[in-house]
Amino acid sequence: MLLLVVLAWLLSVPVAAAPALANGLATTPPMGWNSWNQVRCYDLTEDVVKKAADALADDGLRDAGYRYVVVDDCWQAPARAADGSLQADPARFPHGIADLADYVHSRGLLFGIYAVPGSRTCAMANDAYPAAGIGSLGHERQDAETFDRWGVDYLKYDWCNADTVDGLDRRAAFEKMRDELAALPRPIVYAISEYGVSSPWTWARPVANLWRTTYDLIPTWDSVLATIDQQAAVAVHSGAPGGWNDPDMLQVGNGTLTADEARAHFSVWAVLNAPLFAGTDPAKLSDDDLATLGNPEAIAVDQDFASGQGRQLTAGPGYQVWGKPLTGGGFAVVLLNTGTTTATVSATVPGAWNVRDLWAHRDVGTAVSASLRPHAAALLKLTPR
Ligand code: GLA
């Protein structure tokens, strides 16, 4: 199929965005590893986290940019300590969180943790996690100070029905923790998650460094494609340094995703300037998945915010084309075959371009075109000829 893609919007002046949260952090989309997509709840241990940190350091992913090691839900002991502070589950984290953060730091990585603004974490609701009182409601300052003391560099603050359960207002609750973090000496990236329900892309830029735009991504092609489709509407509210749309953590290496599907997933996340959080065991990556997560040319696209995140340029039965401007006057283009048979997806892009295939790592001439297996994507870099 031959498509004419007009890139005029890419050349237009971007709409001025509200100023980002002024903490000077996440000037490029944050990258790292998060425990949730790998072990979910009950299998989370300090050992899992240490092994992930070791693998990131040893297999090159840390040096490719995956810096934040984030412990998601289910790290908490079933109740707070006598002084009201949060504490780690003593069986699964026998050395405590400060010790774990030290270890992560010793591997040249940064450390992140999970908390919620209401009274219940998502795992309490969705995984029957047997705990009480471990939400930060009424403990915001104390928890922020605990995180500071422990050496936390990144906080994932997750909504989990705090409106229906606790009567909280999203923006006010997220601002409350933002202000507590701002009062700390320690720089802490602030990632908020309310699944895109209240269109956070319209209000969260001064509140957080990143905000989820969707419900959870699961490791199937249908979920990846549904999430990609949702980003088409959101992308016009483009991210900007310090404030990023977050289409959820990566499922590369998980579930039923094939190598082609994982690469297509990663390609679109890259043009979206999405935060890149691996969620699979970095010590057990297949060669394909390591090449996908660690592709320096794809990561460079993700980390390059020239004047707008990627947008869907055209889509139809069996294909999508996404693109975004790159620093230096070029473009990144994703050609995606969403169909069930091999197809050639081509785009006629006004101008004269040298085209490089960022998965094949070679220059492929001047045509913006690729023959693609079902659910495969080409990630192309166009530089002016
Ligand atoms: C929600 C979030 C997930 C994860 C879980 C933890 O579902 O969207 O990313 O943090 O909660 O319970």
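Peptide packing: for 336-348, 151-163, 116-128, the average count of neighbouring Cβ atoms within 10 Å per residue gives the ranking 151-163, 116-128, 336-348, highest mean first. Net charge in the neighbourhood of Lys176 (other residues with Cβ under 13 Å of its Cβ; Lys, Arg +1, Asp, Glu -1) is -3.
Loop only by DSSP, 15 or fewer other Cβ within 10 Å of the Cβ. Give me the chymotrypsin sites (Phe, Trp or Tyr not before Pro) in the stretch 37-142 that pass, ordered by residue number. Here the chymotrypsin sites (Phe, Trp or Tyr not before Pro) that fit, given the DSSP loop and packing criteria, are Tyr42.
In sequence order, the stretch 313-321 has phi-based couplings of 8, 7, 7, x, x, x, 8, 9, 10 Hz under the Karplus curve 6.51 cos²θ - 1.76 cosθ + 1.60, θ = phi - 60°, and Gly or Pro positions carry x. With contacts taken as Cα pairs under 8 Å at a separation of at least 6 residues, the chain carries a relative contact order of 17 percent. Each residue of the stretch 279-292 was assigned a 3J(HN,Hα) from its phi angle through the Karplus expression (A = 6.51, B = -1.76, C = 1.60, θ = phi - 60°), giving x, 9, 6, x, 8, 10, 6, 5, 4, 4, 5, 5, 5, 6 Hz with x at Gly and Pro. Distant-in-sequence amide contacts of Tyr319, defined by a placed amide H-H separation under 5 Å and a gap of 5 or more residues or a different chain, comprise Thr338. Taking amide H as placed 1.01 Å from N in the peptide plane, the amide H of Ile188 sits under 5 Å from none that are at least 5 places away or on another chain. May I ask which of Lys50/Lys156; Lys156/Lys284; Lys156/Lys324 have a Cα-Cα span longer than 21 Å here? Pairs exceeding 21 Å: Lys156/Lys284; Lys156/Lys324. Taking 0.36 nm per residue of separation and subtracting the current Cα-Cα distance, fully stretching the chain between Ala300 and Thr344 would add 13.3 nm. With the helix formula -39500 (n - 2.57) applied to DSSP H stretches of n ≥ 4, the chain reaches a computed 222 nm mean residue ellipticity of -8000 deg cm²/dmol.
For the stretch 31-303, rounded, prolate or oblate, judged on the Cα gyration tensor with a ≥ b ≥ c (square roots of eigenvalues), a/c < 1.5 rounded, else prolate if a/b > b/c? Judged from the Cα gyration tensor, the stretch 31-303 comes out oblate (a/c at least 1.5, b/c at or above a/b). Normalising by residue count, the stretch 66-152 has a Cα convex hull of 98 Å³ per residue. Each Cα pair under 8 Å and six or more residues apart adds its sequence gap; the mean of these over the residue count of the stretch 48-174 is a relative contact order of 27 percent.
Values quoted throughout were computed directly from the atomic coordinates according to the rules given, and no laboratory measurement underlies them. Nothing here was measured: the structure is a model prediction, and the numbers come from that model. Note that each Cβ is placed from the backbone with ideal geometry, even for glycine, and that neighbours are counted across all protein chains shown.
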